[in-house]
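The values are calculated or read from the model by the stated rules, or taken from the named source; none is laboratory data. Because the structure is a prediction, the values reported are computed rather than measured. Cβ sites come from the backbone with ideal geometry, for glycine too, and all protein chains shown count toward neighbours. Surface accessibility is based on the protein's heavy atoms, side chains included, excluding ligands, DNA and RNA. Shrake-Rupley method; radii C 1.70, N 1.55, O 1.52, S 1.80 Å.
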Amino acid sequence: SMQVNQYRVIANGTYLLPEKLRFSVYRRLVKRCVGIAKQHAGRDWAEHHLPLDVVLGVLQQQQVATDMDEVECTLSNCIVRRYIKGYISNKQKVLVLARDDPFPAACDEWWREPHFVGSA
C-alpha cells in the first residue's frame, strides 16, 4: 500500500502518480458498473443513472475500506477533473451521467490540476 512504501515512492519522485491514477481507476470502475447495469433488465433506475450504492457495494466487495462520503468525494473529483461527465444527485444518492459521451477519452488535461469555475 501507499503508506507502507511512502518513503520509497517519495525518494523515487513518483508519489503523485498513484494519486492521479486513482481517478482513472475510479472512472474505469464506474464505466464497468454502468456496462453491467445496462445488461440487467430488472433495474429500477434510468439508463444514465447509477446509484452510488452500486459503486460502494463493488468497492466493499473488493475489501476497500470506504464509506458513502468518500465515494461521493472521489466521484465529485472525477467530475471536476473531467474524467466523467455528469453530476451527483445528493437527494437521490445517484450519479447522473451525461447522455452523450459520459466517459470522454483520455487527454493531457487529466494530468493537470483541475480547473475550477472562476479560476484563471
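So, in region 68-106, exactly how many residues are farther than 21 Å from residue 49 by Cβ and free of Cβ contacts under 8 Å to residues at least 24 places away in the same chain?
Residues meeting the conditions: 1.
Take the conditions at pLDDT below 90 and of a type in the set (Val, Ile, Thr) and apply them to residue 117. Does it pass?
yes
Are there any helices (runs of 4 or more DSSP H) wholly within region 1-75 with 3 or more residues that are open to solvent by 40 Å² or more (accessible area, probe 1.4 Å) and at pLDDT below 90, and if so which?
Counting at least 3 such residues, we get 6-12, 16-39.
Of the residues in region 76-109, how many are at pLDDT 90 or above, in a loop (DSSP other than H, G, I, E, B), closer than 21 Å to residue 20 by Cβ and not hydrophobic (A, V, I, L, M, F, W, C)?
Qualifying residue count, region 76-109: 3.
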